[in-house]
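This report refers to the structure that appears directly beneath it.
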Amino acid sequence: MKIALIIFLADRFSRDPKKNKQFIKGICPQLVVVGIIALLLYKEPHYSALGITCMVAAIMIFTAGMKLSQILAIGPPVLAVGIYYLLQEPYRVKRLQYVFKPWEDMLDSGWQAMQSLYAIGTGGLFGVGLGNSTQKYMYIPEPHNDFIFSIWAEETGFVGVMLVCVLFAILIWRGITIAIKAPDMFGTLTAIGITSLIAVQVILNIAIVSATFPVTGIPLPFFSYGGTALVILLASCGVLMNISRNGTK
């Protein structure tokens, strides 16, 4: 769905770029589609995917030419609605309450964050060695998926963490460069969408495992377990390479 939405938005916004500055004719039809997808994700419920989808869509809409004044006009109401629905579930409220102080509820809402911080702290400068993590045994839930970065930090330390961050930064930088040099607007928006999808997930996942963002199910691209997700990500990078091959030098 994420990739389909990126291609859909890129196609719609590239057909008549002059309309992209017109809120009613250019932006509203696409916002309706994003809204329908957001509603379906909320009903699932899959709040983390909803947030990622809306962020990527917002970046693409802004890149397509939406005026800053229009963003400032619709941003606060949309944010207010999102916060309202976020607060409808008690477990979400608890996660928000203890996001910066997980030690105050270590056996419930703060469990994942605290165990993740233990793993990161144990890693030190060079880590405890690949395969030698202890936090992955019955301590961190989903250590092979959402909290794989914590295990990586424990086993490879600060050096390993910086290596992964630098590699992701290079990938995102190259994605932006490809978007700038794309042969047409469709290629530019598609590259921006794919790069944003990877960047948003990387930033949020690292923020979650370091207890600077509420715990939610966001995998780390290319690292977290999941065959389908990996295939889609690799295919998306293939699209990026295709755009790069046909772009300006």
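The values are calculated or read from the model by the stated rules, or taken from the named source; none is laboratory data. For clarity, every value in this text was computed on a predicted model and none was experimentally measured. Every residue, glycine as well, gets a Cβ built from its backbone with ideal geometry; the counts of neighbours run over all protein chains shown.
Take the stretch 6-34 and flag every residue that is crowded, with 19+ Cβ neighbours inside 10 Å and at pLDDT below 90.
Listed by number, the residues that qualify are 20, 26, 27.
Consider only pairs whose beta carbons are under 6 Å apart and that are at least six residues apart or on different chains; among these, list those whose first residue lies in the stretch 112-137 and is at positive phi and whose second residue is of a type in the set (D, E, K, R) and crowded, with 17+ Cβ neighbours inside 10 Å.
127/155
Can you tell me how many residues within the stretch 164-199 are within 19 Å of residue 223 (Cα to Cα) and hydroxyl-bearing (Ser, Thr, Tyr)?
2
Looking at the structure I just gave you, is residue 172 in contact (Cβ under 8 Å) with a residue 12 or more places away in the chain, out of contact with any Phe, Trp or Tyr (no Cβ under 9 Å at 6 or more places or on another chain) and crowded, with 20+ Cβ neighbours inside 10 Å? Talk me through it step by step, then tell me what you get.
On the way: in contact (Cβ under 8 Å) with a residue 12 or more places away in the chain: yes; out of contact with any Phe, Trp or Tyr (no Cβ under 9 Å at 6 or more places or on another chain): yes; crowded, with 20+ Cβ neighbours inside 10 Å: no.
Criteria not met by residue 172.
If I filter the stretch 132-169 down to residues being among the polar types (S, T, N, Q) and more than 17 Å from residue 204 (Cβ to Cβ), which single residue comes out as modelled with the highest pLDDT?
Initially, the stretch 132-169 is screened for residues among the polar types (S, T, N, Q), giving 132-135, 145, 150, 156.
Retained after the next criterion (residues that are more than 17 Å from residue 204 (Cβ to Cβ)): 132-135, 156.
On the way: 132: 90, 133: 90, 134: 89, 135: 89, 156: 94.
Ranking the candidates gives 156 first.
Taking residue 107, is it within 30 Å of residue 157 (Cβ to Cβ) and either surrounded by fewer than 14 Cβ atoms within 10 Å (Cβ to Cβ) or at pLDDT below 75 (or both)? Spell out the reasoning first.
On the way: within 30 Å of residue 157 (Cβ to Cβ): yes; either surrounded by fewer than 14 Cβ atoms within 10 Å (Cβ to Cβ) or at pLDDT below 75 (or both): yes.
For residue 107, the condition - within 30 Å of residue 157 (Cβ to Cβ) and either surrounded by fewer than 14 Cβ atoms within 10 Å (Cβ to Cβ) or at pLDDT below 75 (or both) - is met.
Of everything in the stretch 81-97, what is modelled with pLDDT of 80 or more and within 26 Å of residue 25 (Cβ to Cβ)? Give them in sequence order.
81
Can you say whether residue 160 is surrounded by 13 or more Cβ atoms within 10 Å (Cβ to Cβ) and either closer than 30 Å to residue 243 by Cβ or in contact (Cβ under 8 Å) with a residue 12 or more places away in the chain (or both), as far as the supplied structure shows? Show your work before the answer.
Values: surrounded by 13 or more Cβ atoms within 10 Å (Cβ to Cβ): yes; either closer than 30 Å to residue 243 by Cβ or in contact (Cβ under 8 Å) with a residue 12 or more places away in the chain (or both): yes.
It is true that residue 160 is surrounded by 13 or more Cβ atoms within 10 Å (Cβ to Cβ) and either closer than 30 Å to residue 243 by Cβ or in contact (Cβ under 8 Å) with a residue 12 or more places away in the chain (or both).
What single numbered condition from (1) surrounded by fewer than 21 Cβ atoms within 10 Å (Cβ to Cβ); (2) at pLDDT below 90; (3) within 19 Å of residue 3 (Cβ to Cβ) fails to hold for residue 216?
With respect to (1) surrounded by fewer than 21 Cβ atoms within 10 Å (Cβ to Cβ); (2) at pLDDT below 90; (3) within 19 Å of residue 3 (Cβ to Cβ), residue 216 is out only on (3).
I'm told residue 129 meets every condition in (1) at pLDDT 90 or above; (2) under 28 Å from residue 199 (Cβ atoms) except one. Can you identify the failing condition by its number?
(2) is the only condition that residue 129 fails.
Kindly indicate whether residue 130 is among the hydrophobic types (A, V, I, L, M, F, W, C), surrounded by fewer than 16 Cβ atoms within 10 Å (Cβ to Cβ), within 30 Å of residue 45 (Cβ to Cβ) and outside the structural domain of residue 50 (by TED's automatic domain parsing).
Numbers: among the hydrophobic types (A, V, I, L, M, F, W, C): yes; surrounded by fewer than 16 Cβ atoms within 10 Å (Cβ to Cβ): yes; within 30 Å of residue 45 (Cβ to Cβ): no; outside the structural domain of residue 50 (by TED's automatic domain parsing): yes.
When the stated conditions are applied, residue 130 does not pass them.
Go over the candidates 3, 37, 52, 71 one by one and state the one that is at pLDDT below 90, surrounded by 12 or more Cβ atoms within 10 Å (Cβ to Cβ), within 30 Å of residue 240 (Cα to Cα) and out of contact with any Cys (no Cβ under 8 Å at 6 or more places or on another chain).
Numbers: 3 fails: at pLDDT below 90; 37 fails: at pLDDT below 90; 52 fails: at pLDDT below 90.
Going through 3, 37, 52, 71 in turn, the sole match is 71.
Determine whether residue 28 is touching a residue at least 12 places away in the same chain (Cβ under 8 Å) and in a helix (DSSP H, G or I).
Working: touching a residue at least 12 places away in the same chain (Cβ under 8 Å): no; in a helix (DSSP H, G or I): yes.
For residue 28, the condition - touching a residue at least 12 places away in the same chain (Cβ under 8 Å) and in a helix (DSSP H, G or I) - is not met.
Within the stretch 219-249, work out how many residues are part of a loop (DSSP other than H, G, I, E, B) and modelled with pLDDT of 85 or more. Talk me through it step by step, then tell me what you get.
Initial filter on the stretch 219-249 (part of a loop (DSSP other than H, G, I, E, B)): 219-226, 246-249.
Then keep just the ones that are modelled with pLDDT of 85 or more; that gives 219-225.
Total satisfying the criteria: 7.
Among (1) of a type outside the set (D, E, K, R); (2) surrounded by fewer than 18 Cβ atoms within 10 Å (Cβ to Cβ); (3) more than 21 Å from residue 6 (Cβ to Cβ); (4) in contact with a Ser or Thr (Cβ under 9 Å, 6 or more places away or on another chain), which single condition is residue 248 missing?
(4)
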